[in-house]
Every structure is written in structure tokens, then in C-alpha cells.
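The values are calculated or read from the model by the stated rules, or taken from the named source; none is laboratory data. As the structure is a prediction and not an experimental result, all values here were calculated from the model. Cβ placement follows ideal geometry from the backbone for every residue including glycine, while neighbour counts extend to all protein chains displayed.
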Amino acid sequence: MRTAAEQDTVTTTLAQLTSLRVGGPVASLVQATSEEELVATISAADAEGLPLLVLGGGSNVLAADTGFDGVVVRDARCGIAVESADACGGAAIRVPAGQVWDEVVLRAVAEGWRGIEALAGIPGSTGATPVQNVGAYGQEVAEVITSVRTWDRAAGRVRTFARSELGFGYRTSLLKQSLADDGTGRAWQPTPRYVVLEVSFQMVLADTSTPVRYPELARTLDVPLGERAPSAEVREAVLGLRAGKGMVLDEADHDTWSAGSFFTNPILPADRADRLPAEAPRFEAGAGMVKTSAAWLIDHAGFAKGYGLPGSVCLSTKHVLALTNRGGASAAELLALAREVRDGVQMAFGIELVPEPVLVGLRL
């Protein structure tokens, strides 16, 4: 399939397009520089029955070594449109899906827009944030999203969802759920039925952060839990914490050749959580549910930092929740390590860890 966009159907691999740096060749690559081109590419692929992978930063993808025999479209749009910024309504902004997320956080802190300062350093694009309901250090993006414009692949039209319609939960949303179940019985993997075009945010005008809810961040800032701190200081503290865990992309650091946290934190019924060892972390998750730490489970199931195959794949030397490419990894090796960790935790604690990245051409 040809468009006016830049394409490379011979040499481009998913290893070149993802932060894990594994994955085989793509049949067709389109760099979409406008919404019209993005929608036209998606529609054409769907009309021809071709597999479709819409990519932003490629930071949450593990792709097969065999490659992708379909259309990969990268959203190359960027920009931040400020609709209003006043003391009454706060800052209302619109951001295209392809915009680098960390640049949005930097702009928000610089302009005094409160609410995403603790989400600094998260790699990837803005369009991915509502899909995963991206969160870190006590903040979630759902808290400041007002609406999301999408392309509905089933209906062939633009559809806008208000925050109340998006079904936000821990690392999930209606958008993510439409990967496997869109209500029509059709699975759309590896790209959801609803492809994000633009995200709208509403943030309070303030130079101080939201109340600091995460103990590690509070200790780093030297403030009590629940207190505020200057947003710029929160951002810098978060970047430091993330860098210390290999969670800020660095070409020279193989601990950052990852998809970030590979497994989500399990959310368990309270009576099931009570069967965990007394020292296991527990956090209230509402409705009688308790969240525990996937990293703690992995560590206490016998998988230490650096566990794996030297020179190929291993858990990060800084943080056991990240699976990393040491420079010569294959997708098959990464998947084998993920299975070993998942099965080890299942055996030790009876809890099945759920992967966070999108698996392209693979099954865990």
C-alpha cells in the first residue's frame, strides 16, 4: 500500500521503532503528519483486511522476531493547543496523539499547570496515556483528562469520549479494552478499535503540585505525605527516581532498553491479599480490593535484579519489574524470560502476573 507519506518497506524493523529494540521487518511503514493522513491510512488498511499497528513512541510494545506483515503507521504529529488559561477555569489544552508525552509535562510545569508533574520521564506519546491510564508516583492521567477524540474503526467515523465514558481504572480504559472486546465480538489486536487522535486536558493553574501521595517521592522531597511541593521540584525528583530505576531512556544504558514495567501490580480481593506474607505491600484499591506490588512478588519469588542471560536478556540491574535487552536479545528470549518470571510468581504465591506491554505477534 502506498501513500504520499514517507515509507520504507525493505529495511525498517520493529526493533528500530520500539524501546525494547527487538522485532522483525514491517511490510509497510507510514509516517502520518496530519490527522487526515492518519485516518486515511487506518481506513485503507482496514478496508483491505491488512493487519494494523499504530505506533507512537513504541515504548510499550514487544514485537515478534518474524516481523509484522501489515501496515505500521506512526503518528508524527506534535503541538500543544492552549484553548484557555485563567484562574476560573484553569488551563484547557488539546494535544495530538503523536506529541511526545514528556514534553507536555515539561510545558505544564513551566506554565504552572498542575496535575501531571509526577508523570515526568514516562516515554512514549500522548495518545498512549489515556489507553493505559498512565500513572506514576501517586498521579494518574485520568485525573486531568476531559475528553479523547478517537477514530472508531468499526463505525468508520470520529468519536469523542468524555472522561466519564472512558472507563478509567488501574492501567486500563475503554480504549484498551477495545483491543479484545469492543462489544461486537471482533478483536482488533494489536491496535484497539478506538484509535486516539487527540487528548484534551483541564489543569488547575498553580506552581505547586497536587498533594504528594507516594511515600518514596515524599521522602525524596522531604515533605509529609499529603503535602504539596513546587511542581518543578516534583518533576526533578521524579526524573531522578526514574533514572535510578532505569526508567528514563538512555542510549548507553541497557537497563533502559525495556518497555518499562513489564507486569502490572496485581489487584486482589481483600481475603486473597490476606494470604500473602505479612511483609508484602498492600494498598487499598476500593470495593474491597487490595493492590500489591508486582516487583515485590518477583523479587520474593527468587528473581533478583540482573536475573537472566548475560549479553542477551535479563531483569534490569536496577529494578526487577523491567525486562531488558542487553544488546543481543530476541523477542523469543524476552518472552521466555517473561514466562519464567510469571510462572515463578504463580508457583510461589498463586498469583498470575499480567503483562503491561502490547504483544505483537506473540502470546505470553
For this session: Looking for whichever is in the same structural domain as Leu179 (by TED's automatic domain parsing) and at negative phi here; the options are Ala128, Ala64. Which one fits?
Result: Ala128
Problem set entry | Members of the range 287-296 found to be of a type outside the set (S, T, N, Q) and surrounded by fewer than 21 Cβ atoms within 10 Å (Cβ to Cβ), listed by number | Ala287, Gly288, Met289, Lys291, Ala295, Trp296
Exercise. Do the conditions hold for Lys305, that is, is it under 21 Å from the mean Cα position of the chain (by Cα), farther than 14 Å from Ile351 by Cα, basic (Lys, Arg) and not in a strand (DSSP E or B)?
Worked result: no
Problem set entry | Enumeration of residues in the range 173-185 that are modelled with pLDDT of 95 or more and either among the small types (Gly, Ala, Ser) or over 16 Å from Leu197 (Cα atoms) (or both) | Ser173
Seminar exercise, completed: Of the residues in the range 297-311, those that are at positive phi and buried (at least 18 other Cβ atoms within 10 Å of the Cβ) number 1
Exercise. Quick one: would you say Asp102 is out of contact with any Cys (no Cβ under 8 Å at 6 or more places or on another chain), of a type in the set (Asp, Glu), modelled with pLDDT under 95 and under 26 Å from Leu205 (Cβ atoms)?
Worked result: no
Exercise. For the range 237-250, how many residues are part of a helix (DSSP H, G or I) and either touching a residue at least 24 places away in the same chain (Cβ under 8 Å) or surrounded by 20 or more Cβ atoms within 10 Å (Cβ to Cβ) (or both)?
Worked result: 7
Exercise. Of (1) among the polar types (S, T, N, Q); (2) closer than 19 Å to Leu106 by Cβ; (3) surrounded by fewer than 21 Cβ atoms within 10 Å (Cβ to Cβ), Ser231 satisfies all except one. Which?
Worked result: (3)
Exercise. What number of residues within the range 75-89 satisfy the criterion of being of a type outside the set (Lys, Arg) and either in a loop (DSSP other than H, G, I, E, B) or surrounded by 19 or more Cβ atoms within 10 Å (Cβ to Cβ) (or both)?
Worked result: 8
Problem set entry | Among (1) touching a strand residue (DSSP E or B) at 6+ places or on another chain (Cβ under 8 Å); (2) farther than 16 Å from Thr264 by Cα, the one test that Arg342 misses | (2)
For this session: Determine which member of the set Ala218, Ala206 is aliphatic (A, V, I, L, M) and under 18 Å from Arg242 (Cα atoms).
Result: Ala218
For this session: Could you grab me the full set of residues in the range 202-222 that are of a type in the set (Gly, Ala, Ser) and either touching a helix residue (DSSP H, G or I) at 6+ places or on another chain (Cβ under 7 Å) or farther than 17 Å from Ala232 by Cβ (or both)?
Result: Ser209
For this session: With the condition kept exactly as written, say whether any residue in the range 216-229 is farther than 18 Å from Ser19 by Cβ, touching an Asp or Glu at 6+ places or on another chain (Cβ under 7 Å), of a type outside the set (Phe, Trp, Tyr) and part of a helix (DSSP H, G or I).
Result: yes
Exercise. Can you find a residue in the range 176-192 that is in a strand (DSSP E or B) and of a type outside the set (D, E, K, R)?
Worked result: no
For this session: Look at the range 325-364 and say how many of its residues are exposed (fewer than 14 other Cβ atoms within 10 Å of the Cβ) and in a loop (DSSP other than H, G, I, E, B).
Result: 5
For this session: Return yes when Ala142 is part of a strand (DSSP E or B), among the aliphatic types (A, V, I, L, M) and closer than 25 Å to Pro211 by Cα and no when it is not.
Result: no
For this session: Evaluate the range 159-171: report whether one residue or more is within 16 Å of Val73 (Cβ to Cβ) and touching a residue at least 60 places away in the same chain (Cβ under 8 Å).
Result: no
